[in-house]
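Structure first, commentary second.
Please treat every number below as a calculation from the coordinates, not as lab data. Only a predicted model underlies this, so the values are computations on that prediction, with no experimental measurement involved. Note that each Cβ is placed from the backbone with ideal geometry, even for glycine, and that neighbours are counted across all protein chains shown.
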Amino acid sequence: MSSQPQTFRAPVGTHDVIGPDSAQWENLIAMFAETAFRYGFELVISPLFEDVGVFNRGIGENSEVATKEMYVFEDRGGRTLALRPEGTASVVRAFVQHQPTTPWKAWYVTPAFRYERPQAGRYRQHHQIGVEVLGTDDPAVDVEVITMAWRFFASLGLTRYRLLINSMGHDECRGAYVELLREYLGAHASDLCDEHQKVWSENPLRVLDCKKTACIDVTSKGPMLPDHICDPCRTHFDAVIAALSDLGVEATLNPRLVRGFDYYTRTTFEFVADALDGAQNAIGGGGRYDKLAEQLGAKPTSGIGFGCGIERLLLTRAAENELPLNFLQRTLDCFVVDTTATNAASRLLDELRSAGIAADRAYDNRSMKSQMKVADKSGARFALLMGAQELAAGEVTIRDLRSEDFAQSQETTSRNNVVATILNLLAK
Ligand code: HAM
């Protein structure tokens, strides 16, 4: 009896990205890298795992992500590590470690790991593009990072997205507000949703974020954070709102917007896409975290940034534009068809690629007919044919695979001139 070897699939909540979808990823990441360069950001790459303390202290050890979703493990040396559930805490840890000159403007592209209930648009490994700026609390930076994301979405062709904004105040004014909210919720606890009736006092701010009608009814009549922030926080927030409006970036104040991590202070924001299903419609989010660097051991240093979900951006792009999936797939310039069973194809490909031409070939000494099929399927612009006859004559036949007129589509050129001829044809 022969036993079949066990087969494996990507773990629940994760996915492989292969062609043609991967062309969309390549395009999006390249566009974000270009945008980040234009805004003065440098790329930062940091480890996918950190001492668990980086995240516990950073995002807050009582936050939902830290308590229920983080992948925590012990390595063989007995260290307790965690896979990054988000990018900000790691980037700030790197800032504290390397002490670059400020303002430090860093961008990143990274997987993020959260043990969530997988569904469309929500995964256990998702991917983010994001930026962080450390070393200034100038409202102009808040405006810059928000505008950067806003314009980036437009450059992806998106049209139906909105910016929701709020101010979380700073430690003191938020602390005073939380006490006020606690008192209010205490008086109305029996009207809250089932879950929050039990846990409202642990973190009263979380009740503001609850989507259940019962909680919305109670909190909408209660005190709202933006009405209770101190004068300097108010001045900062007003400056951000005014400058965004001046730049034509439409912001909608959402006093319920309290994001899931404890590090946020002052400006917080979220971008939602109307083409996505309501529960998973956040395509990006971020805000200030003026205490985070200090919590991770640096001298007081302000910070702000955002992270956007690559999967959600691509889902939005597909939903809004109805682009065929292979819309952005790049195609080869040349496909070499070689039946000489010599090293001729390898040599020609080496020259073509060194000259900047995208080229591929068939393998395994297949027949001319079978190689031509692969050439057609590859989407390449030209087939370069090398048979025994061409080899003997020192020539190569160039066939335009996009031409309807078979007779007109073919020309023979000397082997020495192929690369120059192709470069000429491509430039036309
Ligand atoms: P976040 O809101 O948790 O913020 O995540 C940022 C974005 O990542 C979300 O808006 C969403 O598009 C995407 N995302 C989050 N979780 C998932 C998931 N399970 N599946 C698919 N996509 C997801 C942060 O992570 C902060 N670090 C953002 C930030 C940067 N704040 C300041 N700087």
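Values as computed for the structure displayed
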quantity: Inter-probe distance in nm under a simple model that places probes 7 Å from Cα toward Cβ, at Leu332 and Glu42; calculated: 3.9
quantity: Listed peptides 151-159, 253-261 by packing density, highest first (mean Cβ within 10 Å); calculated: 253-261, 151-159
quantity: Principal axis box of region 9-132, alpha-carbon based, largest edge first, Å; calculated: 41, 41, 27
quantity: Globularity ratio of region 375-424, using Cα Rg and 2.2 N^0.38 Å; calculated: 1.13
quantity: If the convex hull is drawn through the Cα atoms of region 188-236, its volume per residue in Å³; calculated: 84
quantity: 222 nm mean residue ellipticity, helices alone, for the chain (DSSP H n ≥ 4; -39,500 (n - 2.57); rounded to 500); calculated: -11000 deg cm²/dmol
quantity: Relative contact order (%) - region 178-245, alpha-carbon pairs under 8 angstrom, separation at least six; calculated: 29
quantity: Region 334-427: radius of gyration over Cα atoms, expressed as a fraction of 2.2 N^0.38 Å; calculated: 0.97
quantity: Cα convex hull volume per residue for region 85-195 (Å³); calculated: 190
quantity: Span from the region 343-391 Cα centroid across to the region 196-228 one, whole angstrom; calculated: 65
quantity: Ranking of Cys230, Cys334 by count of other Cβ atoms within 10 Å, fewest first; calculated: Cys230, Cys334
quantity: Calculated log₁₀ intensity ratio I(q)/I(0) where the Debye formula runs over C-alpha points of region 249-362, q = 0.16, 0.18 Å⁻¹; calculated: -0.84, -0.96
quantity: Candidate lysines for bridging to Lys212, where Cα separation is under 18 Å - those fewer than 8 sequence places away on the same chain excluded; calculated: Lys198, Lys221
quantity: Amide H within-cut-off set for Ile283, under 5 Å, with H built and near neighbours excluded; calculated: Phe271, Val272, Ala273
quantity: 20 Å binning of all Cα-Cα separations within the chain, expressed as whole percents from 0 upward; calculated: 21, 43, 24, 11, 1
quantity: Residues of type aspartates and glutamates that Lys373 reaches as a straight line, Cα spacing below 15 Å, ignoring anything fewer than 8 places off in the same chain; calculated: Asp338, Asp360, Asp364, Asp400
quantity: Packing-based ranking, highest mean first, of 207-214, 121-128 given that Cβ atoms within 10 Å are counted; calculated: 121-128, 207-214
quantity: Percentage relative contact order, the chain, counting C-alpha pairs under 8 Å, at least six apart; calculated: 15
